[in-house]
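Colleague: Take this structure first; my questions come after.
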Amino acid sequence: MKNWQEFEIGAVLFPFEKQGQDELGKHNNERAYTQESSFTASVSHWRVEKPVHNKEVCINCFNCWVYCPDASILSREGKMSGVDYEHCKGCGVCVDVCPTNPKSLLMFDNLEPVEEALTKWPQKAPGVKKKSYRTEGGYNGL
């Protein structure tokens, strides 16, 4: 397999062994990837911390899925189902973009078991209730 410095400038890498459109209809763990694909190589050894998902807090907004640079957010049947730790490098972008209070994804030590991390989940932080633009006069209270 070539390393990134051996590819021609502007080279296009096709990630699938078969027809791409057919493979896109499958979940990523069921696709036939080429050896040059980033999916066949793991970057999990880079990770010091890992994101842990709490399904009890998650609202399935999929911000984490959209922003994950490694396609490591797993979803099934319209709901987030966890994190692909084989490909997650632990960057924390998913935690940063999570809008829930408390966040439904938090970073924990890579060696800490997920079950143990879930027992340490924070409670909802007190805060100022946001005004509703529909019920409180529109923008700027007008």
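Colleague: On a 24 Å Cα-Cα criterion, which of the cross-link pairs K50/K124; K50/K103; K89/K124; K26/K103; K50/K120 come out too long?
Modeller: The pairs that break the limit, which is 24 Å between Cα atoms, are K89/K124; K26/K103.
Colleague: Sorted by accessible area (1.4 Å probe), largest first, how do D109, D84 line up?
Modeller: Solvent-accessible surface, decreasing: D109, D84.
The values are calculated or read from the model by the stated rules, or taken from the named source; none is laboratory data. Computed from a prediction, not measured in an experiment: that's the story for all the values here. Heavy atoms of the whole protein, side chains included, go into the accessibility calculation; ligands, DNA and RNA do not. Shrake-Rupley method; radii C 1.70, N 1.55, O 1.52, S 1.80 Å.
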